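A.B. asks: Can you keep this structure in mind? I'll have questions shortly.
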Amino acid sequence: MKKQMILPFMFLLIAALAFMPTIIEAQFEDIFESAGEDFKKMKRDADDEFAQMREAVDEEFGEILDKAWKELELSVGMVRDTTPKPDTLPVARPAETPVKVPPPDKEEEKKPVPKPRVEEKKVELKKPEGEPLSFSFFETPIQLNFDSQIKVSLGGKISESAISSYWKKMSTVNYNSFLLQFPQVIRELGLNDWGYCLLLDKTSEALYGASAVERPLFLWFMLTKSGYDARIGFNQNQAFLLLPSVNTIYSCPFYELDNRKYYIMYLGTSKRQVKSLYTYEGSYKDAGKPIDFNIYQILDISKNIEPKKYTFIYSNIKYDIPIDVNRNVIKFYEDYPSTNLDVYFKASISPDSGESMIKELKPIIQDKPEGEAINILLRFVQNAFPYKTDDEQFGREKYFFPEETLFYPFSDCEDRSILFAYLVTNLLGLDVVGLEFPGHAATAVRFNSDVSGDFIDYRNEKYIICDPTYVNANYGECMPQFKTVVPKIVRIRTD
């Protein structure tokens, strides 16, 4: 009877672990802590059977790694729209002149300039036995405990046999108790898949040192054991982590295998150009998840707040908008792989920036007609942020998450559209879509009322064009050169 109960339990456990081994195991541990002795014995028996199955899977994968590796040519990174963006912005109408206001009194002038505010985020972990491993993750202190045997060394050499040896040695050490510490950190910091990769990267640096050749191998092993379809390749004594993605990744070399693109993620290794990599054929059983670059949660890391101020004019009134920006969030996004535009449109924004921005703008648009409220938000984005193309500012294409537009000195059309869409959604509750034209991006808004102006038809609904880059343009005014161009629609809402 017990054997019959164990088998379906085993099936459930294995299926769950295939999705996310570390998180599911942690949950099972909590459940079984309060279970009866008979049930606990069933769990121990199931664990033993699962351990044997996992050992068999590890041995099978070890045999794959022992076979001859192939040299694969890498495809150059995919390129976005190459249509050049304008160096200067078109202007719909002249700028307004603010009405004269009395100068501030002397007491007001004496107010000190706000200084950056630092608030440390703390993650309290249940510490298993082992040696402490401490490091900083975007100024957030992290302390894990590990078995010293998990630090498998290759002696500085990378080859097929060395990589195979690394996997086999790691499979026999107590990596599981180490791996089980990460789900809590992920939850408390609000990390997405990319955040988990960065966390493992920082862990590898703390474990091995910044320049150790084992770092990408550590990421490969840990991600594989977490259910991701991670692969490893090497070239000239340097290993590279490769991952498939739910999203398209631009400007990133990749190779294609079984209709999946495996992108080089420059984690744990220096960024250098490679034309080919040696890698293996085959895959680790039950590790098939691609990485997802979407941001579903609010990033909750230590705060290093930098006060910013933005100025714009509407109806001859000048507005000064103070907004807080967390520099640690900016650092998190600094090397974010360049991906689909909808990822940026849909991303959550940290409360530091979001709440302070909404607080300042809400009274300005309150009780205003819908169209006027839209125009006020357009003026804010059109005029408060100086324009410069990404090539001029960074020497490469870089889409901004909303906080980045607030932080960096310049922004372009995609960045402004992303920020404007966030404001309309959160201040007015209106549905917004992104518009991708050749060499340009804008938005369109579905008004509650019937208004006139340039529009697109989307899902049998009228969406009024609102261009945050067309200086001093109102809703319903499309840049002249795009009036007859059919844009690609970027859906933002997921319903």
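The values are calculated or read from the model by the stated rules, or taken from the named source; none is laboratory data. Since this is a predicted model, take the numbers as computed values, not measurements. In this analysis, Cβ positions are derived from the backbone assuming ideal geometry, glycine residues included, and neighbour counts consider all displayed protein chains.
A.B. asks: Give the residue, chosen from 202, 157, 151, that is surrounded by fewer than 19 Cβ atoms within 10 Å (Cβ to Cβ) and modelled with pLDDT of 95 or more.
C.D. replies: 202
A.B. asks: Scan the stretch 119-143 and report the pairs whose first residue is at pLDDT 95 or above and whose second residue is of a type in the set (Asp, Glu) and not in a loop (DSSP other than H, G, I, E, B), with Cβ atoms within less than 9 Å and a gap of 6+ or a chain change.
C.D. replies: Final answer for the pair search is 135/205.
A.B. asks: Something else: Which of the residues belonging to the stretch 287-296 are over 10 Å from the mean Cα position of the chain (by Cα), in a loop (DSSP other than H, G, I, E, B) and not hydrophobic (A, V, I, L, M, F, W, C)?
C.D. replies: Hits for the stretch 287-296 are 288, 290.
A.B. asks: Only one of 313, 330 is part of a helix (DSSP H, G or I) and assigned by TED's automatic domain parsing to the domain that holds residue 436; which?
C.D. replies: Testing whether each residue is part of a helix (DSSP H, G or I) and assigned by TED's automatic domain parsing to the domain that holds residue 436 leaves just 330.
A.B. asks: Spot the failing condition for residue 398; the list is (1) surrounded by 19 or more Cβ atoms within 10 Å (Cβ to Cβ); (2) out of contact with any helix residue (DSSP H, G or I) (no Cβ under 9 Å at 6 or more places or on another chain); (3) charged (D, E, K, R), and only one is missed.
C.D. replies: Just one mismatch for residue 398, condition (2).
A.B. asks: Further question on the same structure: Is it fair to say residue 195 is closer than 23 Å to residue 303 by Cβ and not assigned by TED's automatic domain parsing to the domain that holds residue 335?
C.D. replies: yes
A.B. asks: Residues 240, 254: which one is touching a residue at least 60 places away in the same chain (Cβ under 8 Å), of a type in the set (A, V, I, L, M, F, W, C) and in the same structural domain as residue 146 (by TED's automatic domain parsing)?
C.D. replies: Going through 240, 254 in turn, the sole match is 254.
A.B. asks: Same structure, new question: Can you tell me which of 372, 360 is under 20 Å from residue 467 (Cα atoms) and among the acidic types (Asp, Glu)?
C.D. replies: 372
A.B. asks: The conditions are (1) surrounded by 15 or more Cβ atoms within 10 Å (Cβ to Cβ); (2) at pLDDT below 90; (3) touching a Lys or Arg at 6+ places or on another chain (Cβ under 8 Å), and residue 74 fails exactly one of them. Which is it?
C.D. replies: Result: residue 74 fails condition (2) only.
A.B. asks: Looking at the stretch 430-469, which of its residues are touching a helix residue (DSSP H, G or I) at 6+ places or on another chain (Cβ under 7 Å) and more than 13 Å from residue 371 (Cβ to Cβ)?
C.D. replies: Within the stretch 430-469, 432, 434, 436, 437, 440, 441, 442, 443, 468, 469 qualify.
A.B. asks: Looking only at the stretch 222-244, which residues are charged (D, E, K, R) and touching a helix residue (DSSP H, G or I) at 6+ places or on another chain (Cβ under 8 Å)?
C.D. replies: Result: 225, 231.
A.B. asks: Let me ask another. Select from the stretch 444-462 the residues that are over 19 Å from residue 341 (Cα atoms) and either outside the structural domain of residue 380 (by TED's automatic domain parsing) or aromatic (Phe, Trp, Tyr) (or both) and list them in ascending order.
C.D. replies: 447, 455 - these are the residues of the stretch 444-462 that are over 19 Å from residue 341 (Cα atoms) and either outside the structural domain of residue 380 (by TED's automatic domain parsing) or aromatic (Phe, Trp, Tyr) (or both).
A.B. asks: Would it be correct to say that residue 282 is surrounded by fewer than 17 Cβ atoms within 10 Å (Cβ to Cβ), of a type in the set (Gly, Ala, Ser), touching a residue at least 40 places away in the same chain (Cβ under 8 Å) and in contact with a Gly (Cβ under 8 Å, 6 or more places away or on another chain)?
C.D. replies: Against the criterion (surrounded by fewer than 17 Cβ atoms within 10 Å (Cβ to Cβ), of a type in the set (Gly, Ala, Ser), touching a residue at least 40 places away in the same chain (Cβ under 8 Å) and in contact with a Gly (Cβ under 8 Å, 6 or more places away or on another chain)), residue 282 does not qualify.
A.B. asks: Report yes if some residue within the stretch 174-190 is touching a Leu at 6+ places or on another chain (Cβ under 6 Å), surrounded by fewer than 21 Cβ atoms within 10 Å (Cβ to Cβ) and at positive phi; otherwise report no.
C.D. replies: Yes, the stretch 174-190 contains a residue that is touching a Leu at 6+ places or on another chain (Cβ under 6 Å), surrounded by fewer than 21 Cβ atoms within 10 Å (Cβ to Cβ) and at positive phi.
A.B. asks: Consider residue 379 carefully, then state whether it is on the phi < 0 side of the Ramachandran plot and surrounded by fewer than 20 Cβ atoms within 10 Å (Cβ to Cβ).
C.D. replies: Spelling it out, it is not the case that residue 379 is on the phi < 0 side of the Ramachandran plot and surrounded by fewer than 20 Cβ atoms within 10 Å (Cβ to Cβ).
A.B. asks: Is it true that residue 267 is modelled with pLDDT under 95 and buried (at least 16 other Cβ atoms within 10 Å of the Cβ)?
C.D. replies: Yes; evaluated as a whole, the condition is true for this residue.
A.B. asks: I need the full set of residues from the stretch 171-223 which are assigned to a loop (DSSP other than H, G, I, E, B), more than 15 Å from residue 146 (Cβ to Cβ) and hydroxyl-bearing (Ser, Thr, Tyr), in order please.
C.D. replies: Once the filter is applied, which keeps residues that are assigned to a loop (DSSP other than H, G, I, E, B), more than 15 Å from residue 146 (Cβ to Cβ) and hydroxyl-bearing (Ser, Thr, Tyr), the stretch 171-223 yields only 211.
A.B. asks: Is it the case that some residue within the stretch 245-264 is at pLDDT 95 or above, aliphatic (A, V, I, L, M), in contact with a helix residue (DSSP H, G or I) (Cβ under 9 Å, 6 or more places away or on another chain) and not in a loop (DSSP other than H, G, I, E, B)?
C.D. replies: Taking every residue of the stretch 245-264 in turn, none turns out to be at pLDDT 95 or above, aliphatic (A, V, I, L, M), in contact with a helix residue (DSSP H, G or I) (Cβ under 9 Å, 6 or more places away or on another chain) and not in a loop (DSSP other than H, G, I, E, B).
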